[in-house]
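Asks: The structure follows.
The values are calculated or read from the model by the stated rules, or taken from the named source; none is laboratory data. Predicted, not measured: the structure shown is a model, and the values here were computed from it. Every residue, glycine as well, gets a Cβ built from its backbone with ideal geometry; the counts of neighbours run over all protein chains shown.
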Amino acid sequence: MATQSYANPDLSQQQARWFKWLQFLLIALLASTAFLTGDGPAVSEGMTSWSVMSFAILGSLWGVFHLRFPSVRYRMDWSSFLLCLTVLAMLVSVISHFGAGDFRAGLNNWWQWVAFAVGFMLCLQLLNSPLVIRAVVAVMLAIVVSISSIGIYDSLVRIPQVRAEYFQGNDQQRVTMLREAGISDTRIGSPSRYHFESRIQSPEPHVTFALTNSLAGFLAPWFTVLLFTLLNQKQSPHGKAEFLKFLGLACIVAFCLILTKSRAACCAIGLTVLVGGVLLKGYRSVALKAGGLLAAIGVIVFALGIATQRLDSKILTEAFKSLSFRMEYWESSTEMAVDHLWTGVGPGNFRDHYTFYKQVGASESIADPHNWLLEVLTSFGLPVLVLLCLAIGVALLRVLNSEPSYEERAYEERAYEERGTQGPRLSANQIYLAGGIGCAFGLAVDQLNYAFIPLSVFYVALPGFAIVIFLLQDWVERGQLHPHHLLLAFVCWTINLSVAGGITYPGVAYTGWLLLGLSLLSRSNKNLSAVESQNLDQRVLSQRQRWIMMVFMGALPIAAYVTFHRPVATVDYQLLHANYDLSQNKITGAREHLQEAINADPTNTDAYLRHANVLFMLLSEERSTPLYEEYRKLVDQALALNPNSQTSYELFSQQALLLYDRFKQPEDLSRALEFVTRESELYPTNAYVFARMSICQYFQGDWKASLLAQEKALSLDDENPHLEFKLSNRRLCEVEFAGWKDQKIFFDKIDESVEQSLRSLRKRRQQ
């Protein structure tokens with residue numbers, strides 16, 4: 001094939017301007033993803049809709065670009081095609097679970113995967129030169145170092161301040177802090193309060209991420225890039241200075257990683273070095289150097305952790321405990337996968353199904369299996385997992401089979417830049433500007449969605465970003481980035497996700513797809529020059545192909561807006577106003593907003609649940625037939641939308657018990673028993689469920705069944721080693737309600753434990 005540039009050298013200024021703007025927007029979006037740090041439940045709730053819409057719009061603009069400029073080349077890549085095919089197969093799983101699970105959560109998760117695929121495809125199409133790739137890597141490294149600096153400050157200063165404020169204050173102050181954190185059950189010993197107190201007593205940072213392990217999962221791959229790039233700096237003209245720069249940045253990231261206490265991330269880095277030495281041809285000496293350097297950095301930062309009293313022996317002694325928890329998760333998840341082999345349980349529905357398979361002594365009801373293979377398998381089924389592994393495998397093989405030696409690659413990179421044939425591209429400064437704008441956008445969106453990010457993050461992140469960019473600009477202009485560095489960083493990403501999970505977490509997931517895309521772009525064919533390699537897979541599309549692309553990509557933002565962004569945003573808007581009206585005791589206005597939320601998205605169970613809760617509050621004061629029938633209808637609709645939600649059945653069974661206690665209507669007791677029976681089927685290892693079942697059966701006059709349920713509850717409680725879930729720390733009814741305050745419920749006070757209630761039940765029977 002004749003040597004040609006990525007884009008025709010005779011491109012019009014307008015075409016070049018279009019291309020550069022697309023590059024700019026893509027880099028800004030990629031930078032923003034580092035701050036889209038919600039976890040799986042956040043994705044299910046649609047909190048990432050702005051990001052998804054942004055990628056969909058950018059994809060449609062790319063389609064317009066191809067249609068408008070016929071000479072533009074398209075990079076043909078099997079991994080990109082297979083990933084798109086994987087996403088289409090995922091849609092089959094989502095549709096197949098309509099009416100059998102949380103459809104809204106499934107659809108929201110699917111759209112997030114669409115954004116992953118679009119982002120990966122655009123990386124392959126738009127990041128068109130070694131300098132652009134290095135500048136993008138520099139932008140991500142600047143973000144990583146900034147976030148690490150904030151994490152170090154949080155661990156050493158901010159978290160201890162919050163902990164001191166909480167525990168040194170009086171109980172009223174603690175209750176206020178709990179409510180500000182969104183915790184309604186402020187009773188001492190309640191599960192939600194227990195988890196809050198456990199979190200602030202732990203010095204592990206999470207910065208803008210929802211979980212500490214997610215922060216570590218984001219940092220670890222980029223630390224791997226820093227580590228391997230560091231080893232090659234002595235070969236540059238200013239080797240010693242560059243070496244010290246990268247060493248300082250690596251130490252900052254390493255210290256934050258150590259403070260997270262994420263054993264998964266640390267092990268992933270170590271295993272990645274080992275994998276590089278064993279599997280990559282001619283990389284053994286590099287791996288040995290990397291291992292030695294990693295050990296040296298590890299000793300330094302570990303000593304700092306000990307000196308600052310942020311590390312102790314528990315980081316090692318509790319490793320086996322943490323692994324045992326993972327084994328519990330994986331065993332239960334495997335059973336789930338076998339039972340739902342072909343289409344999974346649906347994305348966003350893992351938590352609802354996990355309770356059925358959860359072991360008695362397991363620590364918690366998790367939202368994902370903490371393993372990306374099991375997460376994909378349980379959510380979408382075996383065909384999707386096979387397709388996804390093929391997409392990744394094809395990409396890895398192409399990089400491994402086409403890469404020349406490092407010395408050859410360094411020469412080709414220089415030749416590539418000197419020839420100036422890479423086509424239109426942004427300058428390094430323009431890429432830095434795009435990255436900075438992306439950081440500001442990501443921080444703003446995250447603040448609006450979660451509202452728990454300290455404003456100090458804004459003041460530190462952006463200046464820190466600028467400082468790191470200043471330090472790396474010489475490397476960007478004249479340095480080298482070996483494709484194997486990016487490949488090994490992707491390997492680190494996959495290893496970490498195999499233990500920690502989080503492949504649907506945007507802040508973690510985009511890193512992997514970006515690294516895979518950059519490693520593909522950086523590869524070179526052994527028998528061709530760098531420029532020829534860049535053009536090997538590029539084609540000028542026919543007019544029909546360009547129209548097909550335009551129709552497909554143009555439909556994405558429309559479909560995303562209609563089925564995802566608009567209903568999610570509208571529901572959020574209506575729920576926000578409903579909450580405000582409730583705080584002002586404007587019940588009528590709140591009900592109107594809740595009904596508007598239901599009308600905007602009939603598949604959103606949250607709107608039904610909240611509306612039913614409002615009616616329940618009203619019923620506690622007066623049981624009118626029309627109000628009760630409306631409440632009952634909402635309850636039935638919510639359960640029909642997601643018949644596998646144990647938490648919904650738990651809520652409504654408790655509400656039915658309270659209604660029975662107040663009004664003594666047999667139908668309330670029957671519904672309470674119906675709901676708790678279904679709950680026991682969904683969560684057969686939960687002592688709390690069988691305790692409430694015993695209460696229902698007792699009031700129905702079935703003492704034999706009640707006694708069996710009691711024995712079951714107490715037996716399960718004895719097998720549960722986790723104090724926060726013990727019956728001695730649970731209340732019979734843990735829902736918010738009006739009208740029963742300071743009254744007895746059944747035969748106990750409201751604040752008495754379930755264990756006390758069961759003992760009272762036996763005494764009552766004996767009298």
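Asks: Return yes when residue 431 is closer than 16 Å to residue 132 by Cβ, touching a Gly at 6+ places or on another chain (Cβ under 8 Å), modelled with pLDDT of 90 or more and of a type outside the set (S, T, N, Q) and no when it is not.
Replies: The answer is no for residue 431.
Asks: While we're on this one: Show the residue pairs that are 6+ apart or on different chains and have beta-carbon atoms under 8 Å apart, the first residue being within the stretch 95-112 and among the polar types (S, T, N, Q), the second being surrounded by fewer than 23 Cβ atoms within 10 Å (Cβ to Cβ) and not in a helix (DSSP H, G or I).
Replies: Here the result reads 96/343; 108/45, each pair linking the stretch 95-112 to a residue that is surrounded by fewer than 23 Cβ atoms within 10 Å (Cβ to Cβ) and not in a helix (DSSP H, G or I).
Asks: What number of residues within the stretch 331-350 are buried (at least 18 other Cβ atoms within 10 Å of the Cβ) and farther than 19 Å from residue 113 by Cα?
Replies: The number of residues fulfilling the criteria is 5.
Asks: Further question: For the stretch 591-602, name all the residues that are over 28 Å from the mean Cα position of the chain (by Cα) and surrounded by 21 or more Cβ atoms within 10 Å (Cβ to Cβ).
Replies: Hit for the stretch 591-602 is 593, nothing else.
Quick grid of which residues meet (1) modelled with pLDDT of 80 or more; (2) under 26 Å from residue 625 (Cα atoms); (3) touching a helix residue (DSSP H, G or I) at 6+ places or on another chain (Cβ under 9 Å):
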position	(1), (2), (3)
682	yes, no, yes
718	yes, no, yes
721	no, no, no
733	no, yes, yes
760	no, no, no
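Asks: Mind listing just one residue for me: the one in the stretch 604-627 that is in a helix (DSSP H, G or I) and free of Cβ contacts under 8 Å to residues at least 12 places away in the same chain and, of those, farthest from residue 574 (Cα to Cα)?
Replies: Taking the candidates together, the pick is 625.
Asks: Pick from the stretch 88-133 the residues that are part of a helix (DSSP H, G or I) and of a type in the set (Ser, Thr, Tyr): which of them is farthest from residue 640 (Cα to Cα)?
Replies: 93
For (1) surrounded by fewer than 22 Cβ atoms within 10 Å (Cβ to Cβ); (2) in the same structural domain as residue 618 (by TED's automatic domain parsing); (3) farther than 17 Å from residue 355 by Cα, each residue gets a yes or a no:
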{"site": "689", "(1), (2), (3)": "no, yes, no"}
{"site": "703", "(1), (2), (3)": "yes, yes, yes"}
{"site": "716", "(1), (2), (3)": "yes, yes, no"}
{"site": "734", "(1), (2), (3)": "yes, yes, yes"}
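Asks: Since residue 698 meets every condition but one in (1) outside any loop (DSSP other than H, G, I, E, B); (2) over 21 Å from residue 763 (Cβ atoms); (3) touching a residue at least 24 places away in the same chain (Cβ under 8 Å), which condition does it not meet?
Replies: Status for residue 698: all satisfied but (2).
Asks: While we're here: Going through 38, 46, 99 one at a time, which residue ends up being within 19 Å of residue 348 (Cα to Cα) and in contact with a Lys or Arg (Cβ under 8 Å, 6 or more places away or on another chain)?
Replies: Checking each option against the conditions leaves just 46.
Asks: Test of understanding: among 60, 71, 5, 44, which residue is of a type in the set (S, T, N, Q) and at pLDDT 90 or above?
Replies: Among 60, 71, 5, 44, only 60 is of a type in the set (S, T, N, Q) and at pLDDT 90 or above.
Asks: Can you report the number of residues in the stretch 567-578 which are touching a helix residue (DSSP H, G or I) at 6+ places or on another chain (Cβ under 8 Å) and closer than 19 Å to residue 111 by Cβ?
Replies: The number of residues fulfilling the criteria is 5.
Asks: Condition test on residue 576, is it outside the structural domain of residue 74 (by TED's automatic domain parsing) and surrounded by 18 or more Cβ atoms within 10 Å (Cβ to Cβ)?
Replies: no
Conditions tested, residue by residue: (1) modelled with pLDDT of 90 or more; (2) over 30 Å from residue 664 (Cβ atoms); (3) more than 36 Å from the chain's Cα centre (by Cα).
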| residue | (1), (2), (3) |
| --- | --- |
| 534 | no, yes, no |
| 542 | no, yes, yes |
| 546 | no, yes, no |
| 549 | no, yes, no |
| 558 | yes, yes, no |
| 604 | yes, yes, no |
| 617 | no, no, no |
| 628 | yes, no, yes |
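Asks: Please name all residue pairs, on different chains or six or more residues apart, with Cβ atoms under 7 Å, provided the first residue is in the stretch 554-581 and is under 21 Å from residue 119 (Cα atoms) and the second residue is of a type in the set (Gly, Ala, Ser) and crowded, with 22+ Cβ neighbours inside 10 Å.
Replies: 556/56; 556/59; 557/56; 560/56; 564/46; 564/49; 565/49
Asks: Sticking with this one: Could you check, for the stretch 382-393, whether at least one of its residues is modelled with pLDDT under 85 and crowded, with 20+ Cβ neighbours inside 10 Å?
Replies: Among the residues of the stretch 382-393, not one is modelled with pLDDT under 85 and crowded, with 20+ Cβ neighbours inside 10 Å, which makes the answer no.
Asks: Of (1) surrounded by fewer than 19 Cβ atoms within 10 Å (Cβ to Cβ); (2) at pLDDT below 95, residue 371 satisfies all except one. Which?
Replies: (1)
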